[in-house]
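See below for the structure under consideration.
The values are calculated or read from the model by the stated rules, or taken from the named source; none is laboratory data. The structure presented is a predicted model; accordingly, all values stated were derived computationally and were not measured. Heads up: the accessible areas ignore ligands, DNA and RNA and are worked out on the full protein's heavy atoms, side chains in. Shrake-Rupley method; radii C 1.70, N 1.55, O 1.52, S 1.80 Å.
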Amino acid sequence: MKRLVIGILAHVDAGKTTLSEGLLYQTGAIRSLGRVDHGDAFLDTDKIERERGITIFSKQAMLETDTVSFTLLDTPGHVDFSAEMERSLRVLDYAILVISGADGVQSHTETLWKMLRHYDVPTFIFVNKMDLPTADADEIYKALCLRLDSGCVSFAKGDETFYENVAIQSDRLLNQYLTEGDIPEEEIVNAIAARQVFPVYFGSALKNIGIAEFWEGFCRYTAEKKYPKDFGAKVFKIAEDEKGQRICYMKITGGSLSVKSVLEGKDWSRKINELRIYSGMKFTSVPEAFAGSVCTVPGLDKAYPGEGLGFEQEETALLSEPVLSYGVVLPEGTDVLSALAVFRKIEAEETQLHVLWNELLAKIDVQVMGEVQLEVLKEILETRFGLAVSFTSGSIIYKETIRNTVEGVGHFEPLRHYAEVHLLLEPGKRGSGVIYGVRCPEDSLAKNWQRLILSHLEEKTHLGVLTGAPITDIKITLIAGKAHVKHTEGGDFRQATYRAVRQGLMQAESVLLEPWYNFTLELPKEAVGRALTDLERMGATFSSPEVGEITTVIRGRAPVSKIREYHTAVLSFTHGMGRLFCTYDGYDVCTDASAVIAASGYNPEADIANTPDSVFCSHGAGTLVKWDEVFGYMHIPTLEKQKEEAAIPIEAVRYRRMVEDDETLLAIYERTYGKIQRKNPGHTLHTPHQTKEFKAKPVPVGPTYLLVDGYNIIFAWDVLSRIAEENLEAARELLIRRLCNYQALRQSNLILVFDAYRVKGNNREIEEIHGISVVYTKEAETADAYIEKTTKELVKHYRVRVATSDRLEQIIVFGQGVQRVSASEFLSEVEAAEKEMRDFIAEHNR
């Protein structure tokens, strides 16, 4: 049996629900034809739908014969409910696009066509209301080919050019037609499935004209889908049944789902106790739902629209999105948290509704597509929940993007915390949203930290710096980061990441965006001049007017803020003869940005929850550094600095870094002990051609002490680091053994220090192992602190070396007159000593 999911789409009042009634009647699912205007349509089951005469919620019905089992989804036609329709598109195998023969191709029809193309849904076209005297089949067919796709082909019986029109849609079909003079039905079916051919039928659903011919053609020219054996499903709708129980609509895309099986979601697991197949208000309980069918599962409290089950992945964001925001005014005495729970419940069901909660002000805001949706929401709240709310005047939902590429940096380093993040922010294509990427080598930042940073980027809605509106059309790439082997925790990277995004936005040239509509304006010829003047004042863009015998049509784009209430003016100055159709067309540059920004009064630096500043450690405490000063404090060089260094000789780079080390050391010293009065303030230890002679302090004689930061060395040496991932104790024992051999050959006083400051109740322990001293620090004492204190005493009488790759530690001990040795340099020394021992033993054996 051929099992498919099909959907019916149309602009409002095209007769979509009436066609659904005709198909149900044709297959015997209903005994009599209902009518929308009579309030007895089979699929307009909601009271609000019957009162308004429009489809608001997508509905399911079954079209079944001996050979086919089609699940029909009747979707909303009004532009305010586009998101509800778009969710259904994602589960369709085929679509039926209904066009009014009286109105022809509307702007909303073109929007629907773009969505069908985006989701790659094969489409049949039914031109309805052909019984009306104004309906012209030839003109509509030309408009379909011109405004939708040249692949639209009339499948009306008796059309002598049918095969020729089909053949020119692809080289394969044309070769077949020229060779054989005919095109096999299977090839036509494949061309329709590949969206090369779009069958067009004409009729009248209300008078049941052309319905049988359309149904026969639809069954004949659709291909049966092949599904994998593994289980998969897509959740596309959440609703409530007549008893108030939460039900979840899903399409099975692989395998099957049976009662008593366990269904697992993203972060939930639930045993299935019932499976329903709905047709209108009624349902049939079934023991198993097969691939290609739509079923309903009660009791899935955590499932949500767009969730993928089994092998299916979570769906991406919808193309439709709210453009208007309203504040909710609750009845006096209403508990705001109880009301919020009601709004959240409706939000889960209504895809196009966004609910925002301001905890500080205890205020609820809703974001919607238009005023009709707001009116419907008000009725739902009152009829279902007994909540009589009102709304404040609506405002436009603005967004922000950037015009240039910048590097944003964030650093978070209060005491015993550490994280640094560098992000590249680049402007994206209009409508691309926010895209995240990684261009950071794993040898500089481990993979687990990179994944953590990406998750922190995705978990938050980042706000712009002009009005505090959400950002969009930006690509954010992780290019560098740094963690501390002991002090970094997961939350540190969250703080550094948020600050890096914000700091980048503060540097960038930001652009305010506002939502735009595609519009079609139909009006009498004498009103064209007034309309053109109004559109120019709005900042709209439009093509040359299409002048007809009676009316003129103007098509174009305009900001939502300027045109959303223009329909009232059109009705007024055309004396009811004009019509305005608007459809959402994404975001574009705001036409009155300066006024909007000034009216918002937003201060990005005062937004504590979205700060661009960084935190650095100074004197054992966190110090706030302003966003425009942080580059001088960062521990990782910026991309610009790396490019500068790549363009100059290596000797100059080394000299510059030596000078920077001296300046860093001097800054730390002066913060600790006070300002130093220098005779030559521009000079450093490494300034060349200094003329003043200095008398060096005599080098201490006697034994040399070598202090080694144990865990720093373990995680800096590749071999020990890999062992430590599996067994830290084994890595520690191997380091001790290698250093014992090193000490035996070099005859230095070696002190190996391991950090135990987080071990509760731990006292300092010192072990003597084969000539080296192994120190385990006490509770609340770091290895760094022990090394600093010990070297300060030893350097007075002995030569002292410290092996560590901790940059700050190196600077501090260097300031005490200690020789610093990096982890890589120390590894070379140890390997050289081991080689020397092996050579000596080999020579001795010979």
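The H on the amide N of Ile402, modeled in the peptide plane, is under 5 Å from the matching H of Gly428, Val511, each at least 5 residues off or on a different chain. Accessible surface of Met837, taken over heavy atoms with a 1.4 Å probe and every protein chain present, rounds to 60 Å². Across the chain, C-alpha contacts under 8 Å between residues 6 or more apart give a mean separation that, scaled by the residue count, equals a relative contact order of 7 percent.
Taking 29 Å as the cut-off for C-alpha to C-alpha distance, list the pairs among Lys225/Lys266; Lys302/Lys447; Lys237/Lys260; Lys59/Lys207 that go past it. Over 29 Å Cα-Cα: Lys302/Lys447. For Leu750, the residues whose amide H sits under 5 Å from its own are Leu706, Ser773, ignoring neighbours fewer than 5 places away on the same chain, with H placed 1.01 Å from N. Ligands, DNA and RNA left out, the accessible area of the chain computed with a 1.4 Å probe is 51% carbon and sulfur. From the alpha carbon centroid of the stretch 149-187 to that of the stretch 66-122 is 25 Å. The largest accessible area among Ile396, Ile238 belongs to the first residue in Ile396, Ile238, and the rest follow in falling order (1.4 Å probe, all chains). What pairs from Lys271/Lys363; Lys460/Lys778; Lys234/Lys345 go past 31 Å between their alpha carbons? Cα-Cα > 31 Å for Lys271/Lys363; Lys460/Lys778; rest within. The heavy atoms of Lys626 offer some 80 square angstrom of accessible surface to a 1.4 angstrom probe. Shape verdict for the chain, please, from the Cα gyration tensor: rounded (a/c under 1.5), prolate (a/b greater than b/c) or oblate. Prolate is the answer for the chain, as a/c is 1.5 or above and a/b outweighs b/c. Distant-in-sequence amide contacts of Val434, defined by a placed amide H-H separation under 5 Å and a gap of 5 or more residues or a different chain, comprise Asp473, Ile474. Averaged per residue, the chain has 49 square angstrom of accessible surface, using a 1.4 angstrom probe with ligands and nucleic acids left out. Rolled with a 1.4 Å probe across the full set of protein chains, the surface gives Lys460 an accessible area near 50 Å². Ordered from highest to lowest accessible area with the whole protein assembly present and a 1.4 Å probe, Ser150, Ser395, Ser58 read as Ser150, Ser395, Ser58. Mean residue ellipticity at 222 nm, helices only, the chain: -10000 deg cm²/dmol; runs of at least 4 DSSP H residues each add -39,500 (n - 2.57), and the sum is divided by the number of residues. With respect to the chain, whose longest principal axis is taken over its alpha-carbon atoms, helix 783-794 is tilted by about 20°. Helix 336-349 and the long axis of the chain differ in direction by around 70°, with both axes built from C-alpha atoms.
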